[in-house]
């Protein structure tokens with residue numbers, strides 16, 4: 001082997017460990033940030049778990065809308081659990097190191113579950129459209145088999161799309177800096193660290209992001225524009241208010257998720273704006289999963305009534 005080949009082999013040695021940069025302020029406020037994020041994480045998991053239990057056990061909530069909400073809450077619990085535990089470890093112990101394989105696995109589950117959540121949002125938008133605009137055909141169209149298949153294909157399509165991106169990412173050589181300027185193994189940050197040509201992966205990631213986000217966006221825009229037209233045609237103001245109240249919670253969640261994700265992922269070059277991506281990612285990984293249970297429980301009269309009845313039964317048994 002020539003001297004040049006030996007040097008090239010040495011330079012392209014696979015990085016076995018990455019270092020998560022996290023947030024600079026965490027060096028001084030680590031324990032405080034640990035406590036805040038721990039409380040938010042526990043509240044998010046408990047809130048989404050409560051939604052799963054209530055919609056599973058209450059006979060009044062055995063409808064397609066709450067079936068999708070239950071699956072959505074399950075995805076949210078898994079999604080935040082891919083990122084927050086490691087972030088808590090960084091805040092408390094300063095443990096920023098993460099090995100190559102766990103890093104790739106974290107990136108996969110973050111993107112896979114995130115994509116699944118967006119496909120769920122598209123399905124939930126379609127469900128609201130059929131319930132309000134096609135009420136006579138709704139029970140026939142949204143039967144249990146169709147509901148199961150919609151959720152199933154949300155997972156399958158996400159798995160297929162993200163597996164291709166992650167496999168291509170895992171084959172990249174990493175031979176320079178191993179510091180990830182993020183608080184988790186972000187796709188754009190990992191692409192930035194590779195010492196090879198990443199143009200094809202950039203294009204692939206951009207295409208997948210467009211497909212996932214804009215499929216969901218287009219479905220939501222189609223659904224809610226038709227819903228708005230149908231609501232405005234209702235003769236009674238009370239009926240209009242009731243119809244819109246069933247969709248308002250979903251619209252709030254949609255705006256939060258789409259805003260941050262479009263900012264992070266829908267750009268042709270995944271390595272641009274890495275610094276600002278951290279703040280935007282916090283909205284998806286910390287803020288939105290916490291707000292979802294609050295929005296869906298406090299703004300939903302049926303869930304609110306089911307919770308009140310469940311608490312009454314618990315108090316009665318005591």
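Sort the stretch 26-163 into rounded, prolate or oblate with this rule: let a ≥ b ≥ c be the square roots of the eigenvalues of the Cα gyration tensor; rounded if a/c is under 1.5, and if a/c is not under 1.5, prolate when a/b is larger than b/c, oblate otherwise. Taking the square roots of the gyration eigenvalues as a ≥ b ≥ c, the stretch 26-163 is prolate. Model label sites at residue 32 and residue 57, defined 7 Å from Cα along the beta-carbon direction, differ in position by 3.9 nm. Please give the residues of the stretch 101-122, grouped as numeric ranges, whose backbone N is less than 19 Å from a label point set 7 Å along the Cα-to-Cβ vector of residue 141. The answer is 119-122. By the beta-carbon count within 10 Å of each Cβ, the least crowded to most crowded order of 309, 202, fewest first, is 309, 202. Annotation: the residues 95, 127, 197, sorted from fewest to most other C-beta atoms within 10 Å of their own C-beta, follow the order 197, 95, 127.
The ranking of 37, 137 by Cβ neighbour count inside 10 Å, starting from the fewest, reads 137, 37.
Highest mean first, the peptides 168-181, 112-125 sorted by other C-beta atoms within 10 Å per residue fall in the order 112-125, 168-181.
Using R₀ = 22 Å, calculate the FRET efficiency as 1/(1 + (r/R₀)^6) where r is the Cβ-Cβ separation of residue 206 and residue 17; round to 0.05. Write out the running numbers ahead of the final one.
Details: r = 28 Å, r/R0 = 1.28.
For residue 206 and residue 17, the calculated efficiency is 0.20.
Considering Cα pairs under 8 angstrom that are at least six residues apart, work out the relative contact order of the stretch 131-195 and quote it in whole percent. So the answer I get is 25 percent.
Laboratory data are not the source of any read-out in this text; all were calculated from the coordinates shown. On a predicted model such as this, the values are computed, not experimentally measured, just so you know. Note that we place each Cβ from the backbone using ideal geometry, even for glycine, and neighbour counts take in every protein chain shown.
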